[in-house]
Protein chains: 4
Amino acid sequence: TQLGDYLIGIGKKDFDIRKIGQKEGIQDIHIVSDEYKLVSKKWKVAPTTIDLGDGVCIKDGDMAVIAGPCSIESEEQIRKVINHLKENNIKMMRGGVFKPRSSPYAFRGLGLDGLKLWYELAQEAGIKIVTEVMQVSQIEEMYPYVDIYQVGARNTQNFNLLDELGKVDKAVMIKRGISGTIEELLQSAEYVFSGGNEKLILCERGIRTYERASRNTLDLNAVPILKAKSHLPVIVDPSHGIGLREYVTQMALAGVMAGADGIIYETHEIPEKAYSDGQQTLDFTQSGMLADWIRRTFEMRKSFDLV
Amino acid sequence: TQLGDYLIGIGKKDFDIRKIGQKEGIQDIHIVSDEYKLVSKKWKVAPTTIDLGDGVCIKDGDMAVIAGPCSIESEEQIRKVINHLKENNIKMMRGGVFKPRSSPYAFRGLGLDGLKLWYELAQEAGIKIVTEVMQVSQIEEMYPYVDIYQVGARNTQNFNLLDELGKVDKAVMIKRGISGTIEELLQSAEYVFSGGNEKLILCERGIRTYERASRNTLDLNAVPILKAKSHLPVIVDPSHGIGLREYVTQMALAGVMAGADGIIYETHEIPEKAYSDGQQTLDFTQSGMLADWIRRTFEMRKSFDLV
Amino acid sequence: TQLGDYLIGIGKKDFDIRKIGQKEGIQDIHIVSDEYKLVSKKWKVAPTTIDLGDGVCIKDGDMAVIAGPCSIESEEQIRKVINHLKENNIKMMRGGVFKPRSSPYAFRGLGLDGLKLWYELAQEAGIKIVTEVMQVSQIEEMYPYVDIYQVGARNTQNFNLLDELGKVDKAVMIKRGISGTIEELLQSAEYVFSGGNEKLILCERGIRTYERASRNTLDLNAVPILKAKSHLPVIVDPSHGIGLREYVTQMALAGVMAGADGIIYETHEIPEKAYSDGQQTLDFTQSGMLADWIRRTFEMRKSFDLV
Amino acid sequence: TQLGDYLIGIGKKDFDIRKIGQKEGIQDIHIVSDEYKLVSKKWKVAPTTIDLGDGVCIKDGDMAVIAGPCSIESEEQIRKVINHLKENNIKMMRGGVFKPRSSPYAFRGLGLDGLKLWYELAQEAGIKIVTEVMQVSQIEEMYPYVDIYQVGARNTQNFNLLDELGKVDKAVMIKRGISGTIEELLQSAEYVFSGGNEKLILCERGIRTYERASRNTLDLNAVPILKAKSHLPVIVDPSHGIGLREYVTQMALAGVMAGADGIIYETHEIPEKAYSDGQQTLDFTQSGMLADWIRRTFEMRKSFDLV
């Protein structure tokens, strides 16, 4: 099973690692000096593969494309997006049914019923579902209908949520906090991983800085740094990263060259009419071109033999 | 009851306020152009008083002193802190029993049992309890033992938690997010207020900036701005705001002059031995002097007749 | 003379301090581990006094009040401000004759002629002049008319300017950079000090953060930290620090409690008509009250015996 | 000549543009609502080409590669870098002879003599020189030996320097300020342009944020935004942008995909022995591969027909 058994010793003083290694039942032993342990490359060198079944994977050496609307809105909208994804050979669909909103008066999503409807249609089409979980009580009710639980930027340090996701055997994608450090993202992943769930994906989605010409500052520096520090796959979200439709394509391709293992972006048939985030959402024509360019850019990157 | 009934209309277009005002059953009507409505001074001009019973209040025109350790550690520790508070006429005690920690391997607090023990001792001494609630499921179990639920800086935008706290009839103190804006703090308060709970306190506790000489950057600018925008009381936390024991006193007094309605700070008999946050915790001698100086500084501020 | 002779050795390896101390002609020897050396308290424990003559000083244990308009505009304006200062026993006047402006199309100040006019009137009234120097070539021409050269927030790391100011025997006030660290401010001071000019004043004026409710984020944490690290006096500028007239008074008083040795703020007869920065400028009534409150707050702070 | 004559009217009120257009001698008239006028695409739609002679250009639709050490160190070092550049068909060399340093005790560069030596060798090899100018007095003495004056991140708002560079007829590359906004970078360019020098290049080199895992946060969002707002070419500096050698290559390629018109990076025969910035400097093998990959990535970008 993927739920392994590790004993993590946090030593306050130096100790003799050889003494422990000789004890009975010890299979393997590592010293990891980072604050995060199990997600560190010092502990596990081989990159982690997230296998969603039906040949759909997120992993180092591959390029995952995840697209879809900000919010799930209606059956018709879901059908249109799914058709678009199939035409472009995109296997994973994003979309929100529970929406965290700064203001209590904004649209909060279709909820579980929306998810069930979406699941039915996605299932049929062989499309995997990525959607945000906002609180512990939703984990179980969402379970049958989700392929990847997304932890949003406002919940990156919601430690109870992370603890509970550590007990689940489905993949979790953790977005970097709104002003989270790279180190904190890895520690949040450590919460889930140390709970027993190793199916983890990290996502750079822009950070808060003083700059206001863009919605966030997409920190692509984080991509090669995360890849070097951790064995987990790293995804880039250019839609939230810049927040302006005209430039999402460039930032997506920049993310590929920075070393991402996948790109997640927002698309909608008519972005101007989307319930939320329309100004950063691509239409289907733009989305189709982007998916193609992502793959071609990735092929070129592979040919460069970057370390 | 404190649970009032308001109908909040979010108009997309101009409408004639007089037409609505003439309808039957309408008692009062306001136009509030801010994103937050009910916590705005445009809606309610008179400052809100948080009455904890037994004559203990947090309100504009008064100076609340809240002190205590970062973590509740033991019966002995609680007794010592309570004695110290009583000697210095401090009526509210802070302390954590559920601790949010960046690393999953750090001390996470004594939990509900610690809270019950603390409650018993505090009750006896006539001391009110301020402590952090981390998730929805804790609200009910903590209810009998808490005077003020604290929402921590990592949960300022945990909207489910805010929603549920809106249904409770006990006071809630919301800390500003780690990199939260003043506007976002007010919107988070709006979540609770619009749910029906008007017993709200706002807390400035420092924000994340590029500066590393201090733990956070205490943004005292936020104090007069929050006081001008909202009718809710504003508290300053200098311990987290600077993170260095030697300077907590100065920053507490600066907070008073900036216009705070109260100060919350960390104290411990032997800060060096505290389970957490020792480097920003005052010992009892420092704490006693600070409590006195806070009150004297507040008296001077009142004499200045600041608007 | 104030131009002392120091030999600063930057050792790459450990060396035996005793060997050097025994050499002939060595009067005193210090090891300073900070990046800044001469401005550090590790090198010079006693606070530095800036003596401007006629009994006007800026120093630890005293409270300097510096007030005046953003820009020097006209003879009439200067006369009015000077009268206001005299009525309130304020001995130092700020004002810009060379104005750094983000846009090349904004008002850039009256220049040297404005300074000469100002000097004449200030001299007569026994008022000291604090004004910004923007480039090396201005140092000499401004020299006869200036008591304190101000280095603005955009020039904190203009190293050529700092080098040249190191050769002058008049006081220099260095503002913290727009996004400068505390460490960088001390290093900039080190440039001037190591050049031979020890008459230095440090000024906290707010830093750039993501928060937009205020013009800058006044970092009062910097005050006790700078006072602890350096022997130089520290001034707070609440006008730029918050940028909103209504709250300048509170932030000035907060600065006093944080431990400042002086406050510099903007005042104008009719702030709405000021050529620049009107929205953060106090009128004379507000300014008069503030000067009084600053002094009373300082007296209280002294009585607290803060370390 | 490139020094054109423009009359820029900053109107406070609405006026009738047709009345002005009909006056004699008026060739063309534009309304530009941005704070910057002449560098805006609203005023000049066609991209600006910087022609350095001998067929070396920086312009939209082309990919400039600029490489070289942080500091010019010695004749031998210059020769080695030039050979490396020639082998890889790189036509522009960067290097500092005047070095701005936070600490007054750090290496400050070889100065004008170093520049003359470099010029002689570069001239021979047909290589163009890009180097930093730190103050007004250096402009004239550097003039004969420089192809592109670089304005460093600490001087982006040194307005006197910008004014004087506006009078020169050589190209100027302005780096974004350490915590400068995109808007401020454009306004700084406006200073030079409005002075009469239209040979301007903008450079994104990373901004200061709270993140410390990298030296700066390379803000690639700025690239498409600057390209959309201005007709000036945009260069990316990945060396300062991330500050860690292992990741400079990825960030350079990401910069190309984000839409840069050129890449400037640091290279040295033995980075570990470089006088400065060694930790972010590529060796010649890495540099050679990068130059090739930059060009191939650019060719692919062109094939994508990005708008």
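A compact table of results
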| quantity | calculated |
| --- | --- |
| Set of aspartates and glutamates with alpha-carbon distance to B:Lys116 below 18 Å, sequence-local pairs under 8 removed | B:Glu73, B:Glu75, B:Glu76, B:Glu124, B:Glu132, B:Glu140, B:Glu141, B:Asp147 |
| Chain D - convex hull of the alpha-carbon atoms, volume per residue in Å³ | 146 Å³ |
| FRET efficiency for A:Lys86 and A:Asp34, using Cβ-Cβ distance with R0 set to 30 Å, rounded to 0.05 | 0.10 |
| Cut-off under 5 Å, modelled amide H: who pairs with D:Ala171 long-range | D:Tyr149 |
| Within the stretch A:123-246: Cβ-based charge dipole about Cα centre, in debye rounded to nearest 20 (Lys, Arg +1; Asp, Glu -1) | 400 debye |
| Nonlocal amide H pairs with D:Leu52, under 5 Å, H built at 1.01 Å | D:Cys57, D:Ile58 |
| Estimated FRET transfer efficiency when R0 is 41 angstrom, pair A:Glu76-D:Glu120 (beta carbons, to 0.05) | 0.05 |
| Exposure proxy order (Cβ contacts within 10 Å, fewest to most) of C:Glu184, A:Glu124, B:Glu299 | A:Glu124, B:Glu299, C:Glu184 |
| Per residue Cα convex hull volume in Å³ - calculated over the protein assembly as shown | 208 Å³ |
| DSSP-defined beta bridges in the protein assembly as shown - what % are antiparallel, rounded to 5 | 10 percent |
| Violating pairs (Cα-Cα greater than 18 angstrom) within the set C:Lys227/C:Lys302; A:Lys80/A:Lys128; A:Lys44/A:Lys227; B:Lys37/B:Lys128; C:Lys99/D:Lys199 | B:Lys37/B:Lys128; C:Lys99/D:Lys199 |
| Residues D:Val236, D:Val146, sorted so that the one with the fewest Cβ neighbours within 10 Å comes first | D:Val146, D:Val236 |
| Derived scalar couplings ³J(HN,Hα) [the stretch A:79-93; Karplus, 6.51 cos²θ - 1.76 cosθ + 1.60; whole Hz; x for Gly, Pro] | 4, 5, 5, 4, 4, 4, 5, 4, 4, 10, 6, 9, 9, 10, 10 |
| Residues D:Asp113 and C:Asp113, FRET efficiency given R0 of 56 Å [Cβ-Cβ distance, rounded to 0.05] | 0.90 |
| Karplus-derived HN-Hα couplings along the stretch D:94-105 (A = 6.51, B = -1.76, C = 1.60, θ = phi - 60°), whole Hz, x at Gly and Pro | 9, x, x, 10, 10, 10, x, 10, 4, 9, x, 9 |
| Net +/- balance of residues flanking A:Met63 in space, Cβ distance below 12 Å, scoring K and R +1, D and E -1 | +1 |
| C:Thr267, B:Thr48, A:Thr156 arranged by Cβ crowding within 10 Å, fewest neighbours leading | B:Thr48, A:Thr156, C:Thr267 |
| Unit charges on C-beta of K, R, D, E only; dipole of chain A, Debye | 680 debye |
| Whole-percent pair-distance distribution, where bins are 5 Å wide, for the alpha carbons of the stretch B:171-297 | 2, 11, 21, 21, 19, 14, 8, 3, 0 |
| Sum of -39500 (n - 2.57) over DSSP H runs of 4+, divided by residues of the protein assembly as shown (222 nm, nearest 500) | -10500 deg cm²/dmol |
| Overall form of the stretch A:111-159 per C-alpha gyration tensor (a/c, 1.5; a/b vs b/c) | prolate |
| Rounded to 5, percent antiparallel among DSSP beta bridges of the stretch A:44-304 | 10 percent |
| B:Gly96 long-range amide H proximity, modeled H, under 5 Å | B:Ser71, B:Ile72 |
| Integer Hz, Karplus 6.51/-1.76/1.60 couplings in order for the stretch D:229-239, x for Gly and Pro | 8, 10, 8, 7, x, 10, 10, 10, 10, x, 5 |
| With Cα atoms, 0 to 90° folded angle of helix D:245-258 axis to chain D main axis | 30 degrees |
| The stretch B:53-93 and the stretch D:192-237: distance between their alpha carbon centers, rounded to Å | 52 Å |
| Sparse-neighbourhood loop sites, trypsin sites (Lys or Arg not before Pro) in the stretch D:202-307 - DSSP loop, at most 13 other Cβ within 10 angstrom | D:Arg212 |
| Total charge dipole magnitude, the stretch D:48-161, about the Cα centre, Cβ charges on Lys, Arg, Asp, Glu only, Debye to nearest 20 | 400 debye |
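Each value in this text was obtained by applying a stated rule to the coordinates, not by laboratory testing. What you are looking at is a predicted structure, and each value in this text was computed from that prediction instead of being measured. Heads up, the Cβs are rebuilt from the backbone with ideal geometry, glycines too, and the neighbour counts pull from every protein chain shown.
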